[in-house]
Every structure is written in structure tokens, then in C-alpha cells.
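Okay, structure first, notes after.
The values are calculated or read from the model by the stated rules, or taken from the named source; none is laboratory data. Computed from a predicted model, the values in this text were never measured in an experiment. Glycine gets a Cβ as well: all are built from the backbone with ideal geometry, and neighbour counts include every protein chain shown.
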Amino acid sequence: MLKVIGCVFMKIYDIFLDRLPKIDLHGFDRDSARVMVNDFIDESIKMNYSKVVIVHGIGSGIVKESVLKTLSLRKDILNFYVAPENIGCTVVEIK
């Protein structure tokens, strides 16, 4: 997200989002993304992570749709939401 301050554009982002474990799904198709998300969440649970980031990009929205559907079917997810400062990322809160 960009904020205009005078004539200067400043990128606003959550600095803590960069420190969370993440997976980047750029270049994946919907089926491969689904498998990678499930594997990533399973590994994150083993590592006792409570919050992770899934980078799906913006594009046509096919991978994002697959990610959100996959997350909605999992019972070990507390919450997930598209990051307001970067709509190409989804933040996932794990039980």
C-alpha cells in the first residue's frame, strides 16, 4: 500500500510480516499450490508456528482462490486473511 506524504510515496507495511515463516507460490498452478499449502501448514504445526504467511501473488487470482479454499477446509486453522498491506499475501493463524 502506498501513502502520499507531500510529493513522496512511502510504502506502508507491517515489518513483523517479513519476519514470519512464509512460502512463495509464484509460478505454481492451483493443484500444486494446494499440495504445497497443505504441506507447509503441516510443517508449520510441527514447528509450533502460530502465524505464517502464504505469498500467492495477485495475477488472475487462480492460485489465491486455491489457497483460500484449501485453508477454509482445514480444521487446524484459527483464522486467515489477505494482508491489508499486500493483497498478494495471506496471513494464516494456526491453532
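A few comments on the model shown:
- Index of the failed condition, Tyr81 passing every other in (1) among the aromatic types (Phe, Trp, Tyr); (2) surrounded by 13 or more Cβ atoms within 10 Å (Cβ to Cβ); (3) within 16 Å of Leu17 (Cα to Cα): (2)
- Checking Lys75, Lys95 one by one, the residue that is surrounded by fewer than 12 Cβ atoms within 10 Å (Cβ to Cβ), closer than 14 Å to Asn38 by Cβ and not β-branched (Val, Ile, Thr) is Lys75 and no other.
- Ile62 meets all of the listed conditions (1) closer than 13 Å to Thr90 by Cα; (2) surrounded by fewer than 16 Cβ atoms within 10 Å (Cβ to Cβ) but one, namely (1).
- Failed item in (1) of a type outside the set (Asp, Glu); (2) touching a residue at least 40 places away in the same chain (Cβ under 8 Å); (3) surrounded by 17 or more Cβ atoms within 10 Å (Cβ to Cβ); (4) farther than 20 Å from Phe28 by Cα, with Ile41 passing the rest: (4)
- Test: Val67 is touching a Pro at 6+ places or on another chain (Cβ under 9 Å), within 13 Å of Val82 (Cα to Cα) and not small (Gly, Ala, Ser): no
- Only one of the listed residues (Asp14, Asp31, Asp42, Asp18) is modelled with pLDDT under 95, assigned to a helix (DSSP H, G or I) and not small (Gly, Ala, Ser). That residue is Asp18.
- For region 14-38, the set of residues classified as loosely packed, with under 12 Cβ neighbours inside 10 Å, more than 14 Å from the chain's Cα centre (by Cα) and not β-branched (Val, Ile, Thr) consists of Gly27, Asp29, Asp31, listed by residue number.
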